[in-house]
1. Take the residues of the stretch 99-117 that are outside any strand (DSSP E or B) and in contact with a strand residue (DSSP E or B) (Cβ under 9 Å, 6 or more places away or on another chain): which is nearest to E29 (Cα to Cα)?
2. Of all residues in the stretch 82-98, count the ones that are assigned to a loop (DSSP other than H, G, I, E, B) and surrounded by fewer than 21 Cβ atoms within 10 Å (Cβ to Cβ).
3. Working only within the stretch 121-140, note down all residues that are open to solvent by 20 Å² or more (accessible area, probe 1.4 Å) and either of a type in the set (D, E) or in a loop (DSSP other than H, G, I, E, B) (or both).
4. Taking the stated definitions as given, is G143 modelled with pLDDT of 90 or more, more than 19 Å from A28 (Cα to Cα), open to solvent by 40 Å² or more (accessible area, probe 1.4 Å) and more than 15 Å from the chain's Cα centre (by Cα)?
5. Hey, could you check the stretch 72-85 for residues that are at pLDDT 95 or above and of a type in the set (V, I, T) and say which is farthest from D33 (Cα to Cα)?
Amino acid sequence: MKLSRIAAILAGGLILSGCAPIVALQPAENANDPGCAAVIVRLPETVSGLPIRQTDAQATAAWGEPDQVLLFCGVEVPTASELPCVDKGVFWLRDDSDDAVWTFTSFGRDPAVRVIVDRDPAISPGLVLEDLENAVSFTPQNGLTCTDTEETVTGQDPFSEPSPAPAG
């Protein structure tokens, strides 16, 4: 009787753990860099309040359901860049060319880490980068630094007044 009860509990646990499907991702070209292992083992369980999910590719991570934050370690290491730089304990280059996501790539570190954040207003890209700072700070610095940094993670003026709503 006890064995059947344990089997039922284990089966229920398997069903519950199967609720969030594995996130299918492609690893970065240099995902096998040992520095990526140092990042992956230090990743937080949550970023900006979103729970971590299981992925199927080396040196990757995902948070949120559906996946709202993606991380790829071992991407091409950036050199000089015209992209805006943000300092969140780690230098990040911000590529905001896609209206659907923010893309941040660590700068001055090798291997490089890319983080893609959904532009959902409920997700703070600043909090995501702060939550990832500890893990990414374990990648070795390569001597490059940002000469100028943005005041905000998104590049938006934090002191601007919101536009008034049209009179209806």
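The values are calculated or read from the model by the stated rules, or taken from the named source; none is laboratory data. All of these numbers come straight from a predicted model, not from anything done at the bench. All Cβ positions, glycine included, derive from the backbone under ideal geometry; neighbour counts span all protein chains shown. Remember, those area values only see protein heavy atoms, side chains included, never the ligands or the DNA or RNA. Shrake-Rupley method; radii C 1.70, N 1.55, O 1.52, S 1.80 Å.
1. Going residue by residue through the stretch 99-117, those that are outside any strand (DSSP E or B) are 99-100, 108, 110-111.
Now drop any that are not in contact with a strand residue (DSSP E or B) (Cβ under 9 Å, 6 or more places away or on another chain), which leaves 100, 108, 110-111.
Values: A100: 24, G108: 18, D110: 13, P111: 11 Å.
So, considering only residues that are outside any strand (DSSP E or B) and in contact with a strand residue (DSSP E or B) (Cβ under 9 Å, 6 or more places away or on another chain), the one nearest to E29 (Cα to Cα) is P111.
2. Result for the stretch 82-98: 8.
3. Scanning the stretch 121-140 gives P121, A122, S124, E130, D131, E133, S137, F138, P140.
4. Answer is yes for this residue.
5. Among them, the one singled out is V77.
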